[in-house]
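Asker: Following this message is one structure expressed as structure tokens.
The values are calculated or read from the model by the stated rules, or taken from the named source; none is laboratory data. Please read all numbers here as calculations on a predicted model, not as lab measurements. A quick note on method: Cβ atoms are made from the backbone with ideal geometry, for glycine too, and the neighbour counts reach across all protein chains shown.
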Amino acid sequence: MNIRKVAVIGAGTMGAGIAGQAANAGCEVLLLDLPSENKNPNLLAQKGLNRINNPQESGLISPATAQRITVGNIRDDFHKLAEYDWIAEAILERLDLKKQLYNKLDKVCKKTSIISSNTSTIPIKLLVEDMPLDFKKRFAITHFFNPVRFMPLLELVSGEDTEPEVIAVLHDFCDRRLGKGVVLCADTPGFLGNRVGCFAIQTALHMANNMGISPQEADAIFGRPMGIPKTGVFGLYDLIGIDLMSDVSSSLVSILKPTDDFHNFGAKLPIMENMIQNGQMGKKTGQGFYRLFNGSKQVINLKTGEYENIKNLNIPIAAQAEKNGIMHLFNNGDVYGEYAWKVMSRILTYAANLIPEVGDSPEAIDDAMKMGYNWIKGPFELIDEIGSDYLMSRLEKEKRNIPEYLKVAKGKKYYNGLDVLTVNGDIRSIKRPEGTLRFNDMKKTLIPEGSNHDASWYNIDGLALVEFHSKANALGQESMLILEEAISAVTRFEMKGIIVHNDSQHFSCGVNLNSVRFFYNNEDWDGLDRFLKHFQQTVHKLAVAKFPTIVAPVGLSLGGGFEVVLHAKEVICHANSNMGLVESGVGLIPAGGGCKETLYRWIENKNGDVKSAAWEAFYSLGYGKTASSPINAIELAMLRDNDTYENNRDRILSSSIKSLSTQKKQKPFDRRPIKMTGKDVFDDMVNWAKDMEVKGKLCPHDVIVSTEIARILTGGDVEPGTLWTEQDLYDAERKAFLKLVKTKSTQARINSLLDDGKTLRN
């Protein structure tokens, strides 16, 4: 079996997303939906394609990828399914409709075609109970999470009759080609992600209502302080859709055993019935538990049903827990600590009670929550952090039942290095697909060679791996000291080379603006200049090193974080990497070699045409352009032709280690002096910015920032043809940065972003 051509039936949110990801993987894709009665019978499928091709929320890695998708309808194009290797069904969650479709598929599809359903709740035994054996043998559930391109989790479920080869083919294809973290699930209600995730959401929802805690307060606790995304519970309800989330919960209630603890929290809150009837269904309707009203954010009062302006909450323990761990919440005696305990203790015991029903060990549940719900740690990793003995003793005091699998962990941990504790108390190695490698797994057996609060570096079989680990991986002096230390160590000890990588959601959001604010509040301009110079010198060492250098980013690489990426001889990034130099938005310019490198790269792309390159760099830096994929990044001269990407982020590190060992794709930097375009082009750029201000497309301070960008890229008032070295460009960056950061307008932009989370236009 080999999957080359993929068909998707159902062009709704999930079906279109699956089609898009298959196209991203290079497959020929057929997307079908019901026929439309107007002139275009393929209208529904076309709408699905248009939705994933929307630049604002694109499910495609590049617009050109859409050409791999053919749209059609099940009336006129059903016969074409005979040509396809994998047919993924993503229609309504109605068993009768799915069965009708499978009967038709059995008559049309070739006998080697794999058929799967994207159902999130219906057991596989019900889906295929009336189908012939040869159909059952090649049928599975492939449960993707929304949005398909960006959510890494795929739950793969086999039935009693599913051939092992079918599961093996789907597992390998979805892992390597679609870039998914594949979790094998038993055919149990809700599988893993939704079983635990929905229980977590419902528990947090009901406990907040029972304890009189407002949605805003609940989200402040059941969010980052507990290692959960900042949307919390009520914000997540709004994001998913209150009606949809309620339907999923009701579906689980209908299929779970009466003894399942989910029944204690599965019901809608009384207020939610009225909200759904009133169209208050979350983000998609403009109002849910939260809404924007006259420019102000409001939150609903769970008792009255009326909206109130959100408050500036001051919950010190939340900030402490976010920084130092969940125990800071559990040991806090106020109502917030009680809420955190009541919610999380139930989630953890619920997860433990699922073993061995859903498997014999914790990795699958932990992976499902991390990849499907973006938790930093899974339930069993949290138990290890808390301590199983602490959890059991507190449960005993409250006279609550203790799960058997929790008792197995008494005095132990579920994870010990690369080993895991099974349900019968045995120890075995953590199972990962061949070729995948997570640095968070590796760290369990490593001791850093150098470390501080912001970064660490490790010796991994003779290569240096640098990890940023500050909040949002913001870069400061400490980050650069560790990177510099690692570079120096590779030279001194003749190591293989250096890789900069981390397993965080994002590589780096940029230079720590709080540090920048500290400098300007204290008018320490010399100190700021020293920091900028050290940053430049450090990334420059990375670029000109005599040994191999690789930067392997995931998620966001912005501002200073992207300047580190720009100075690697080779970049191996994730397919969903988002990168760019966005400093202009806060009234600054890139001063870690970003302006310099952008100019050089555009000169390469424009075959030496410096004037054309300067204008391209000017637009890119002035607008703070970002690339939403590696393909887009190459088009914007942000990546070079030797840089590559992996669809599965768990394969980035292993690919980096392999590539560094061979050095075949390493591309040196050739940064010779540039004949600057000088005063005439500089004046043209400044006049362009002023004209954009007159047209209302730029703010007054944007013109000032654009002027400084133009001055760097052209040389300013110098004569055309004046030679500038790479160091001249570094110096010009620092000079412009210091000039801008002294202005009240730039400081106001930074203060607004740091204090209010808002982008100020002034």
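Asker: Tell me yes or no: at least one residue of segment 376-384 is of a type in the set (Lys, Arg) and either farther than 25 Å from Val233 by Cα or crowded, with 21+ Cβ neighbours inside 10 Å (or both).
Answerer: Step one: of segment 376-384, the residues of a type in the set (Lys, Arg) are 377.
This time we only want the ones that are either farther than 25 Å from Val233 by Cα or crowded, with 21+ Cβ neighbours inside 10 Å (or both), so: none.
The answer is no; no qualifying residue exists.
Asker: Inside segment 155-231, counting only helices (runs of 4 or more DSSP H) that do not spill past its ends, which hold 3 or more residues that are out of contact with any helix residue (DSSP H, G or I) (no Cβ under 8 Å at 6 or more places or on another chain) and within 26 Å of His574 (Cβ to Cβ)? I'd like the intermediate steps shown before the answer.
Answerer: Details: elements: 164-172, 193-211, 215-221.
The helices (runs of 4 or more DSSP H) meeting that bar are 164-172.
Asker: Right, something else. Of the conditions (1) closer than 23 Å to Ile447 by Cα; (2) under 26 Å from the mean Cα position of the chain (by Cα), Asn374 fails just one. Which one is it?
Answerer: All conditions pass for Asn374, except number (1).
Asker: From the residues in segment 229-240 that are out of contact with any Phe, Trp or Tyr (no Cβ under 6 Å at 6 or more places or on another chain) and hydrophobic (A, V, I, L, M, F, W, C), which one is nearest to Lys370 (Cα to Cα)?
Answerer: It comes out as Leu236.
Asker: Answer yes or no as to whether Val6 is within 25 Å of His574 (Cβ to Cβ) and more than 24 Å from the chain's Cα centre (by Cα).
Answerer: yes
Asker: Test each condition in (1) surrounded by fewer than 15 Cβ atoms within 10 Å (Cβ to Cβ); (2) without any contact (Cβ under 8 Å) to a residue 60 or more places away in the chain; (3) among the charged types (D, E, K, R); (4) under 30 Å from Ala545 (Cβ atoms) for Lys667 and report the one that comes out false.
Answerer: The failed condition is (2).
Asker: Hey, another quick one. Checking Phe265 against (1) surrounded by 17 or more Cβ atoms within 10 Å (Cβ to Cβ); (2) out of contact with any helix residue (DSSP H, G or I) (no Cβ under 8 Å at 6 or more places or on another chain): exactly one of these is not met. Which one?
Answerer: The failed condition is (2).
Asker: Considering only segment 605-626, I want to know if a residue exists there that is out of contact with any strand residue (DSSP E or B) (no Cβ under 6 Å at 6 or more places or on another chain), of a type in the set (Gly, Ala, Ser), over 27 Å from Leu437 (Cα atoms) and in a loop (DSSP other than H, G, I, E, B).
Answerer: yes
Asker: Moving to a separate point now. For Lys377, indicate whether it is free of Cβ contacts under 8 Å to residues at least 60 places away in the same chain and of a type in the set (Lys, Arg).
Answerer: Details: free of Cβ contacts under 8 Å to residues at least 60 places away in the same chain: no; of a type in the set (Lys, Arg): yes.
So Lys377 fails the test.
Asker: Also: Considering only segment 431-473, how many residues are closer than 19 Å to Asn324 by Cβ, at pLDDT 95 or above and charged (D, E, K, R)?
Answerer: The qualifying residues number 1.
Asker: Are there any helices (runs of 4 or more DSSP H) wholly within segment 662-762 with 1 or more residues that are among the aromatic types (Phe, Trp, Tyr) and either within 32 Å of the chain's Cα centre (by Cα) or at pLDDT 95 or above (or both), and if so which? If you could, list the steps in order and put the result at the bottom.
Answerer: On the way: elements: 679-694, 700-714, 726-741, 744-756.
Output list reads 679-694, 726-741.
Asker: Against the condition polar (S, T, N, Q) and either assigned by TED's automatic domain parsing to the domain that holds Lys697 or not in a loop (DSSP other than H, G, I, E, B) (or both), how does Asn576 come out, does it pass?
Answerer: In short, no.
Asker: List pairs: first residue in segment 529-540 and outside the structural domain of Lys739 (by TED's automatic domain parsing), second residue among the aliphatic types (A, V, I, L, M) and not in a helix (DSSP H, G or I) anywhere in the structure, Cβ distance under 6 angstrom, at least six positions apart or on different chains.
Answerer: Leu532/Ala591
Asker: How many of the residues in segment 421-441 are within 20 Å of Pro152 (Cβ to Cβ) and without any contact (Cβ under 8 Å) to a residue 60 or more places away in the chain?
Answerer: Here the count works out to 2.
Asker: Additional query: Take the conditions over 19 Å from Lys98 (Cα atoms), in contact with a Leu (Cβ under 6 Å, 6 or more places away or on another chain) and touching a residue at least 40 places away in the same chain (Cβ under 8 Å) and apply them to Val29. Does it pass?
Answerer: On the way: over 19 Å from Lys98 (Cα atoms): yes; in contact with a Leu (Cβ under 6 Å, 6 or more places away or on another chain): no; touching a residue at least 40 places away in the same chain (Cβ under 8 Å): yes.
No.
Asker: Now a separate question. Out of (1) in contact with a Lys or Arg (Cβ under 6 Å, 6 or more places away or on another chain); (2) modelled with pLDDT of 95 or more, what's the single condition that is false for Gly417?
Answerer: The single condition Gly417 does not satisfy is (2).
Asker: Among residues belonging to segment 264-296 that are more than 20 Å from Ala200 (Cα to Cα) and of a type in the set (Val, Ile, Thr), point out the one that is nearest to the chain's Cα centre (by Cα).
Answerer: Thr285
Asker: Name the strands (runs of 3 or more DSSP E) wholly within segment 415-492 that hold at least 3 residues that are more than 20 Å from Ser508 (Cα to Cα)?
Answerer: Once the strands (runs of 3 or more DSSP E) in segment 415-492 are filtered for at least 3 residues that are more than 20 Å from Ser508 (Cα to Cα), what remains is 419-421, 427-429.
Asker: Further, regarding this structure: Out of curiosity, is Ile255 buried (at least 18 other Cβ atoms within 10 Å of the Cβ), of a type in the set (A, V, I, L, M), over 17 Å from Met207 (Cβ atoms) and touching a residue at least 12 places away in the same chain (Cβ under 8 Å)?
Answerer: No; evaluated as a whole, the condition is false for this residue.
Asker: Considering each of Lys611, Lys569, Lys625 in turn, give the residue that is more than 26 Å from Val500 (Cα to Cα) and in contact (Cβ under 8 Å) with a residue 40 or more places away in the chain.
Answerer: Exactly one of Lys611, Lys569, Lys625 is more than 26 Å from Val500 (Cα to Cα) and in contact (Cβ under 8 Å) with a residue 40 or more places away in the chain, namely Lys611.
Asker: Also, I was wondering about something else. Restricting segment 427-456 to residues that are more than 15 Å from Asn648 (Cβ to Cβ) and among the small types (Gly, Ala, Ser), which is surrounded by the most Cβ atoms within 10 Å (Cβ to Cβ)?
Answerer: Applying the filter and picking the extreme gives Ala455.
Asker: Being outside any helix (DSSP H, G or I) and either in the same structural domain as Phe262 (by TED's automatic domain parsing) or under 28 Å from the mean Cα position of the chain (by Cα) (or both), is that true of even one residue in segment 378-385?
Answerer: Applying the first criterion (outside any helix (DSSP H, G or I)) to segment 378-385 yields 378.
Remaining after also requiring either in the same structural domain as Phe262 (by TED's automatic domain parsing) or under 28 Å from the mean Cα position of the chain (by Cα) (or both): 378.
Yes, segment 378-385 contains a residue that is outside any helix (DSSP H, G or I) and either in the same structural domain as Phe262 (by TED's automatic domain parsing) or under 28 Å from the mean Cα position of the chain (by Cα) (or both).
Asker: What do you reckon, is Pro316 in the same structural domain as Pro403 (by TED's automatic domain parsing) and more than 30 Å from Lys758 (Cβ to Cβ)?
Answerer: It is false that Pro316 is in the same structural domain as Pro403 (by TED's automatic domain parsing) and more than 30 Å from Lys758 (Cβ to Cβ).
Asker: Next question, about the same structure. Inside segment 48-90, can you point out the residues that are in a helix (DSSP H, G or I), touching a strand residue (DSSP E or B) at 6+ places or on another chain (Cβ under 7 Å) and of a type in the set (D, E, K, R)?
Answerer: Arg68, Lys80, Glu83
Asker: Among (1) crowded, with 20+ Cβ neighbours inside 10 Å; (2) farther than 30 Å from Val169 by Cβ; (3) of a type in the set (Val, Ile, Thr), there is one condition Val196 misses while meeting the rest; what is its number?
Answerer: (2)
Asker: Give segment 579-604 a look and list any residue that's of a type outside the set (S, T, N, Q), part of a helix (DSSP H, G or I) and under 22 Å from Val544 (Cβ atoms), or say none.
Answerer: Gly594, Cys595, Lys596, Glu597, Leu599, Tyr600, Arg601, Trp602, Ile603, Glu604
Asker: Looking at His540 and the list (1) in a helix (DSSP H, G or I); (2) touching a helix residue (DSSP H, G or I) at 6+ places or on another chain (Cβ under 6 Å); (3) within 21 Å of Phe669 (Cα to Cα), which single condition is not satisfied?
Answerer: Result: His540 passes all but (2).
Asker: Kindly establish whether Ile550 is more than 18 Å from Pro668 (Cα to Cα), of a type in the set (A, V, I, L, M, F, W, C) and touching a helix residue (DSSP H, G or I) at 6+ places or on another chain (Cβ under 6 Å). Explain how you work it out, then say what you get.
Answerer: On the way: more than 18 Å from Pro668 (Cα to Cα): no; of a type in the set (A, V, I, L, M, F, W, C): yes; touching a helix residue (DSSP H, G or I) at 6+ places or on another chain (Cβ under 6 Å): yes.
No: the conditions fail for Ile550.
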